[in-house]
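First the structure, in the form of C-alpha cells, and then the observations on it.
Please treat every number below as a calculation from the coordinates, not as lab data. As the structure is a computational prediction, the values presented were derived from the model and not from experiment. So basically every Cβ, Gly included, is an ideal-geometry build from the backbone, and we count neighbours across all protein chains shown.
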Amino acid sequence: MFTARALGRDARPSPEGTLEWVKQDQLQALDLVEDLPELLPRVLAMRPDDAPFFARYHYDEHDRLVIAFAEP
C-alpha cells in the first residue's frame, strides 16, 4: 500500500473528466464504476498498519461482476 501527502487540494481536469473532492458520506449517491461500491468501504476502513488485501475479479455466466477477496 502506498500513501502520499498532497501539497494542495486543487484538482486539474483531464480528458477523462473533471476531478472533484467528494465527502465519504456522498459516495453511495454517485454513479460509480461497478467495483467501487465494494472496494471503497474496505479501503476507507483500512488502518495504516493493515496488510494489503487481494481480490480476483471475473464475470459469471449472467455477466455479473464477481469479486472474490483472499482471506488474510
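When you filter the trypsin sites (Lys or Arg not before Pro) in the chain for DSSP loop state and at most 12 other Cβ atoms inside 10 Å of their Cβ, you are left with ARG5, ARG9, LYS23, ARG64. The Rg/Rh ratio of the stretch 1-57, with Rg taken over Cα atoms and Rh as the Kirkwood radius over Cα pairs, comes to 0.98.
For a modelled paramagnetic label at TRP21, 7 Å from Cα along Cα-to-Cβ, no residue of the stretch 28-72 is in reach, as no backbone nitrogen comes under 13 Å.
On a per residue basis, the convex hull of the C-alpha atoms belonging to the stretch 32-72 measures out at 70 Å³. Figure the gain on full extension for ARG42 and GLU71 (residue separation times 0.36 nm, minus the Cα-Cα span) and round it to one decimal in nm. Net length gain for the segment: 9.1 nm.
Net length available on complete extension from VAL33 to GLU61 is 8.1 nm, with 0.36 nm assigned per residue and the Cα-Cα distance removed.
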